[in-house]
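The numbers here are math on the coordinates, done by the rules we state, and not lab data. For clarity, every value in this text was computed on a predicted model and none was experimentally measured. As a convention, Cβ positions derive from the backbone with ideal geometry for all residues, glycine included, and neighbour counts pool all protein chains shown.
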Amino acid sequence: MALDAKQLGSALNTIAYGEVMKAAVRDYVKEVGDQERGSGDAVRAVDVDDLLDDPELEKLHADRIAAMKKEAERRVELERKGHGTYDEVTEGDFLEITTDTENVVCHFFHKDFERCKIVDKHLALLAKKYMETRFIKLSAPDSPFFTVKLGIKVLPCVVLFKHGRSVDRVVGFEQLGGKDDFPTAAFEARLKAADVVTTQRRGGRGGDHSSDDEDGRRGEAATALRRGVVHLPRDDDDESSDFD
């Protein structure tokens with residue numbers, strides 16, 4: 001019976017996988033043989049096909065496939081929630097995002113400020129690298145409520161959130177080298193120091209919460225933010241652009 005294109009592709013993939021596994025097993029057998037020769041032990045004959053049928057080897061392969069599938073599904077879910085991109089949000093979306101995501105980097109900007117555009121360039125690159133963190137931007141003139149509540153008076157200002165609470169911020173470029181042409185790595189190091197970016201963990205939990213305790217914490221954070229109860233370390237020396 002003739003195979004259709006899908007069946008043929010599956011068969012070829014199976015054959016290719018088998019050949020790769022056989023090659024790996026042969027390399028392993030050779031390495032073990034070399035070690036035994038060096039130690040003076042008798043070299044044991046090993047059947048490659050027997051190793052390929054080893055239940056432990058098959059389990060390792062199945063576990064790896066399952067882990068890869070889980071990681072792919074999680075990535076799709078993060079992308080659905082806006083992770084991996086750097087987007088402008090409205091004041092109405094801001095509260096939900098910052099209280100519903102573990103790590104958030106939010107740039108308060110002015111569309112006419114050149115230094116804000118420089119920050120945009122760097123954060124857009126970092127957003128693609130750190131899927132677990134949500135990167136957003138909020139127009140300060142169009143968001144007076146949160147701009148006042150967070151005490152933002154100078155732009156660009158990047159506020160860093162963990163579990164719905166502001167934990168740090170980067171104002172101006174002094175912490176990034178003091179020049180407009182600072183490298184993205186400088187911004188990346190600053191975010192790492194604040195512990196708001198982490199490498200994606202394989203098979204682990206990411207940046208969003210699901211437990212009842214975490215839901216309660218998000219509610220408390222939202223209430224605190226509405227009331228202006230925030231924790232933002234400030235350094236007036238870092239302010240580089242007047243914001244009126």
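For the stretch 52-72, the candidate set comprises residues that are in a helix (DSSP H, G or I) and charged (D, E, K, R); within that set, the residue that is surrounded by the most Cβ atoms within 10 Å (Cβ to Cβ) is Glu71.
The residues listed here are Gly178, Gly172, Gly151; of these, the one that is more than 14 Å from Leu191 (Cα to Cα) and in contact with a strand residue (DSSP E or B) (Cβ under 9 Å, 6 or more places away or on another chain) is Gly172.
For the stretch 79-121, the tally of residues that are polar (S, T, N, Q) and surrounded by fewer than 19 Cβ atoms within 10 Å (Cβ to Cβ) stands at 2. Within the stretch 168-185, the set of residues being assigned to a loop (DSSP other than H, G, I, E, B) and touching a Leu at 6+ places or on another chain (Cβ under 7 Å) comprises just one member, Phe182.
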